[in-house]
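**Student:** Structure provided below as structure tokens; questions to follow.
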Amino acid sequence: QVQLVESGGGLVQAGGSLRLSCAASGGTFSSYTMSWFRQAPGKEREFVAAITWSGGSTYYADSVKGRFTISRDKAKNTVYLQMNSLKPEDTAVYYCGAMIGFSYYYVGRVYAYWGQGTQVTVSS
């Protein structure tokens, strides 16, 4: 059974940086797409960034393009989200997700596996 464990959230001032980590276990991830989603209070979960495990192709939501970077370390089975120039509107619980394949990678309901989430709070 695939398990995902996020870490690295916290409180940061606007303009600051954080790096989130997602440690994956229990599977062979060569055919997976790994992603970060976020959910703010009273809002739906939204796509943030995705990376294909094998080729390392990356995809971003327009709202984070140029500020966030997704990457993966195959040896550590870990996916990272480097977040720079953070804004108060980035405040949310950030979730790591894993899906087999690539189709509709930006749609949360296609993901079979999720982590427990990590809180990111950006103060103004």
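The values are calculated or read from the model by the stated rules, or taken from the named source; none is laboratory data. Quick caveat: nothing in here was measured; it's all calculated off a predicted structure. As a convention, Cβ positions derive from the backbone with ideal geometry for all residues, glycine included, and neighbour counts pool all protein chains shown. Accessible surface areas use protein heavy atoms only, side chains included; no ligands, DNA or RNA. Shrake-Rupley method; radii C 1.70, N 1.55, O 1.52, S 1.80 Å.
**Student:** Please go through region 1-17 and pick out each residue that is part of a strand (DSSP E or B), within 26 Å of PRO88 (Cα to Cα) and open to solvent by 30 Å² or more (accessible area, probe 1.4 Å).
**Tutor:** Result: VAL5, SER7, LEU11, GLN13.
**Student:** Can you report the number of residues in region 54-79 which are open to solvent by 10 Å² or more (accessible area, probe 1.4 Å) and within 13 Å of LEU4 (Cβ to Cβ)?
**Tutor:** Adding up the residues that qualify gives 3.
**Student:** Please go through region 29-60 and pick out each residue that is without any contact (Cβ under 8 Å) to a residue 40 or more places away in the chain and of a type in the set (A, V, I, L, M).
**Tutor:** Of everything in region 29-60, those that are without any contact (Cβ under 8 Å) to a residue 40 or more places away in the chain and of a type in the set (A, V, I, L, M) turn out to be ALA49, ILE51.
**Student:** When only residues in region 27-53 that are among the polar types (S, T, N, Q) and surrounded by 14 or more Cβ atoms within 10 Å (Cβ to Cβ) count, which is nearest to ILE100 (Cα to Cα)?
**Tutor:** THR33
**Student:** Among what's in region 83-114 and is among the small types (Gly, Ala, Ser) and buried (at least 21 other Cβ atoms within 10 Å of the Cβ), pick the residue that is nearest to GLY66 (Cα to Cα).
**Tutor:** Result: ALA92.
**Student:** Working only within region 26-42, note down all residues that are part of a strand (DSSP E or B) and either in contact with an Asp or Glu (Cβ under 9 Å, 6 or more places away or on another chain) or not polar (S, T, N, Q) (or both).
**Tutor:** TYR32, MET34, TRP36, PHE37, ARG38, GLN39
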